[in-house]
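A short write-up of the structure that comes next.
The values are calculated or read from the model by the stated rules, or taken from the named source; none is laboratory data. Treat the numbers as computed from the prediction; the structure is a model and nothing was measured. Glycine gets a Cβ as well: all are built from the backbone with ideal geometry, and neighbour counts include every protein chain shown. All accessible areas refer to the heavy atoms of the entire protein, side chains included, with ligands and DNA or RNA removed. Shrake-Rupley method; radii C 1.70, N 1.55, O 1.52, S 1.80 Å.
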Amino acid sequence: MAKIATVLTNMFEDSEYSDPAKAFQDAGHEIVTIEMEAGTVVKGMKKGTPVRIDKGINEVKPEDFDALFIPGGFSPDQLRADERFVNFAKAFMDADKPVFAICHGPQLLITAKALEGRDATGYKSIRVDMEYAGTKFHDKEVVVCQNQLVTSRQPEDIPAFNREALKLLEA
């Protein structure tokens, strides 16, 4: 089973973390939450869902994980201001490890300059940003690119996002 690095901070989209995390765990995969410091509790932006952070960014290395999960909300925009998270995300893309980004999640990949030439989707407000980053943007519930990158637009797309992410983890 896969060990999935999950980067998030305050103001993440509650369901875009909790629903995929549950699907991954139900399938036997391990979720490791990563933020600035282990032991802190971050909260979702709509329901205030609390998530205890397992590891601080300085404690982890991409090679310790099989996949990367980037929930949406305001979290990815905050994380991309920190070069450690940018480099962490870029390492997964460069190593062709599975990356799952929903809604605003691709913002971290934009800053990592990891979307050029990729097929992807994201929340409508970041479409132009993704296109400027060289992404071939598709307005679809889920886009799988090169058997590595799974992206979706919004909470309503979570069932398709989960289905395709789990397929990739089983491959």
*Any idea which of (1) closer than 17 Å to A21 by Cα; (2) in contact with a Phe, Trp or Tyr (Cβ under 7 Å, 6 or more places away or on another chain) is the one K167 doesn't satisfy?*
(2)
*asked:* Just the residues that are open to solvent by 10 Å² or more (accessible area, probe 1.4 Å) and more than 13 Å from the chain's Cα centre (by Cα), please, taken from segment 144-157.
replied: V144, Q146, N147, P155, E156
*Go over the candidates A171, A101 one by one and state the one that is touching a Leu at 6+ places or on another chain (Cβ under 8 Å), among the small types (G, A, S) and closer than 27 Å to G28 by Cβ.*
A101
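Each row is one residue, and each column tells you yes or no for (1) touching a Pro at 6+ places or on another chain (Cβ under 6 Å); (2) of a type outside the set (K, R); (3) open to solvent by 70 Å² or more (accessible area, probe 1.4 Å); (4) touching a residue at least 12 places away in the same chain (Cβ under 8 Å).
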| site | (1), (2), (3), (4) |
| --- | --- |
| E16 | yes, yes, no, yes |
| A23 | no, yes, no, yes |
| H29 | no, yes, no, yes |
| M36 | no, yes, yes, yes |
| M45 | no, yes, no, yes |
| D54 | no, yes, yes, yes |
_Restricting to segment 107-128, count the residues that are open to solvent by 70 Å² or more (accessible area, probe 1.4 Å) and part of a helix (DSSP H, G or I)._
4
*Any chance E131 is under 25 Å from S15 (Cβ atoms), open to solvent by 10 Å² or more (accessible area, probe 1.4 Å) and either hydrophobic (A, V, I, L, M, F, W, C) or not in a loop (DSSP other than H, G, I, E, B) (or both)*: no
_Hits in segment 58-82 (condition: of a type in the set (G, A, S) and surrounded by fewer than 16 Cβ atoms within 10 Å (Cβ to Cβ))_ = A81
*Only one residue in T40, T6 is under 22 Å from R163 (Cβ atoms) and polar (S, T, N, Q), so which one is that?*
T6
_Return the residues of segment 83-106 that are crowded, with 22+ Cβ neighbours inside 10 Å, small (G, A, S) and part of a helix (DSSP H, G or I); say none if nothing qualifies._
A89
*Could you please let me know if R153 is touching a residue at least 40 places away in the same chain (Cβ under 8 Å) and either in contact with a Ser or Thr (Cβ under 7 Å, 6 or more places away or on another chain) or not hydrophobic (A, V, I, L, M, F, W, C) (or both)?*
yes
